[in-house]
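> Below is a structure I'd like to ask you about.
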Ligand code: GAL
């Protein structure tokens, strides 16, 4: 605000100096008087330009101060599926943070894509038609990103992707074509690696039965999603990198869903029983389902089997604390939702963003679970 005030002061001085020049010229010859009149006009024009510039600067400064004009901005948010536990935490935090920045609740519209890309594409079209100022999109299919980007940028609306990362080629295009498009999220390779490291750091390195190898089952999220692909690959890679021999007993798709994971793990336990030493789940919702199946089979986490998830859902953290889940990885929905909102605000202020805005995962075990629970509030 200080900056805007000084611009206004300088422009007021410039106007009075120019006006002063003009009036002294009027006392001279007719020709000089004509020149003076021209100077007066020029001075008025200059003053107008100065005033416009000053007004613009003041508006920018007001926006910078987090002020009023965000209240009139409309933000559209597309979530791939409301029933997803993690995305529920994400969107709840996003809504309240946007409000704290000054957006009016009635100008924040968050819609459920119901895990259907056609539905979501319609919702995006409706947002464009209704004239939103910025869009935040968690795509149903990351492979639809190029189509979504084209639709949104053709309407001159800035776009912040969240949670489901579009591929490298698409992200490169945003930079090459100087688009107001960015992605906010974490690198899923890191979360997979951390899951594997938690097992490798155990005293027996995950080898409960002492046969020299770790026998595991993998419960995957939506396989179209890079988070699922990377977590599956990198959790096992971390074990191998630690010099541990591994054996895959089963690999199933649970679509991030607790109930699906419960029945998959129940089947796997029926087939492989105590041969399963580690259950890797690509997220905590599925780890909660896995735990139900493990307990129903009369097994105990920590003694008969190890159980890993990702997200640090409150319930999963409570389970880590009581030993019912070996570990999880904090997927920081607070920092990601805030970064997404901040990026949207920068676009609204006419500023640019990096085309990738990252965030670190955090390993969660009994040693730090209390801190993580405290930060979840
Ligand atoms: C992941 C998260 C999952 C699920 C998924 C949806 O980052 O760990 O629980 O929410 O995103 O894309």
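> Within the set of pairs 6 or more residues apart or between chains, which connect a residue that is in contact (Cβ under 8 Å) with a residue 40 or more places away in the chain and farther than 11 Å from residue 280 by Cβ inside the stretch 224-239 to a residue that is more than 12 Å from the ligand (Cβ to nearest atom) and part of a helix (DSSP H, G or I) with Cβ atoms less than 7 Å apart?
From the stretch 224-239, the pairs are 224/143; 230/189; 237/196.
> Of all residues in the stretch 201-233, how many are under 30 Å from residue 114 (Cβ atoms), surrounded by 21 or more Cβ atoms within 10 Å (Cβ to Cβ) and more than 13 Å from the ligand (Cβ to nearest atom)?
2
> Can I ask one more? Of all residues in the stretch 171-189 being within 16 Å of the ligand (Cβ to nearest atom) and touching a strand residue (DSSP E or B) at 6+ places or on another chain (Cβ under 9 Å), which is farthest from residue 358 (Cα to Cα)?
Once the filter is applied, the top-ranked residue is 183.
> Restricting attention to the stretch 234-243, which residues are crowded, with 23+ Cβ neighbours inside 10 Å and within 16 Å of the ligand (Cβ to nearest atom)?
235
> Which residue pairs have Cβ atoms under 6 Å apart, sit 6 or more places apart or on different chains, and have a first residue in the stretch 201-220 that is in a loop (DSSP other than H, G, I, E, B) and a second that is modelled with pLDDT under 95 and surrounded by 13 or more Cβ atoms within 10 Å (Cβ to Cβ)?
none
> Between 360, 370, which is within 20 Å of the chain's Cα centre (by Cα), outside any strand (DSSP E or B) and in contact (Cβ under 8 Å) with a residue 40 or more places away in the chain?
Testing whether each residue is within 20 Å of the chain's Cα centre (by Cα), outside any strand (DSSP E or B) and in contact (Cβ under 8 Å) with a residue 40 or more places away in the chain leaves just 360.
> Can residue 246 be described as more than 29 Å from residue 141 (Cα to Cα), more than 30 Å from the chain's Cα centre (by Cα) and buried (at least 23 other Cβ atoms within 10 Å of the Cβ)?
No; evaluated as a whole, the condition is false for this residue.
> Can I ask one more? Under the condition of being assigned to a helix (DSSP H, G or I) and touching a residue at least 60 places away in the same chain (Cβ under 8 Å), which residue from the stretch 159-190 is surrounded by the most Cβ atoms within 10 Å (Cβ to Cβ)?
Applying the filter and picking the extreme gives 174.
> I would also like to ask the following. Report, ordered by the first and then the second residue, all pairs with beta carbons closer than 6 Å, sequence separation of six or more or different chains, a first member in the stretch 75-95 that is closer than 18 Å to residue 339 by Cβ and outside any strand (DSSP E or B), and a second member that is at pLDDT 95 or above and near the ligand (Cβ under 10 Å from one of its atoms).
Short answer, once both residue conditions are applied: 86/311; 87/79; 89/333; 90/333; 91/79; 93/333.
> Please state which one of 110, 136 is within 16 Å of the ligand (Cβ to nearest atom) and either at pLDDT below 95 or under 20 Å from residue 353 (Cα atoms) (or both).
Among 110, 136, only 136 is within 16 Å of the ligand (Cβ to nearest atom) and either at pLDDT below 95 or under 20 Å from residue 353 (Cα atoms) (or both).
> Has the stretch 126-133 got any residue that is in a helix (DSSP H, G or I) and within 16 Å of the ligand (Cβ to nearest atom)?
No - not one qualifying residue is present in the stretch 126-133.
> Residue check, residue 193 against (1) in a loop (DSSP other than H, G, I, E, B); (2) crowded, with 20+ Cβ neighbours inside 10 Å; (3) within 16 Å of the ligand (Cβ to nearest atom), all met but one. Which one?
For residue 193, the exception is condition (1).
> Check residue 292 against each of (1) part of a helix (DSSP H, G or I); (2) more than 25 Å from residue 162 (Cβ to Cβ); (3) touching a residue at least 12 places away in the same chain (Cβ under 8 Å); (4) touching a strand residue (DSSP E or B) at 6+ places or on another chain (Cβ under 9 Å) and name the one condition it does not meet.
(4)
> Which residues, counting only those in the stretch 86-106, are in contact with a helix residue (DSSP H, G or I) (Cβ under 7 Å, 6 or more places away or on another chain) and within 25 Å of residue 350 (Cβ to Cβ)?
Within the stretch 86-106, 94, 97, 98, 99, 101, 102, 103, 104, 105 qualify.
> Suppose we filter 290, 266 for residues that are modelled with pLDDT of 95 or more, within 16 Å of the ligand (Cβ to nearest atom) and in contact with a helix residue (DSSP H, G or I) (Cβ under 6 Å, 6 or more places away or on another chain); which single one remains?
290
> Kindly check whether there is at least one residue in the stretch 143-161 that is closer than 28 Å to residue 279 by Cβ, within 16 Å of the ligand (Cβ to nearest atom) and within 19 Å of the chain's Cα centre (by Cα).
no
The values are calculated or read from the model by the stated rules, or taken from the named source; none is laboratory data. A quick note: this is a predicted structure, and the numbers were derived from the prediction, not measured. Methodologically, a virtual Cβ is constructed for each residue, glycine included, from the backbone with ideal geometry; neighbour enumeration extends over all protein chains shown.
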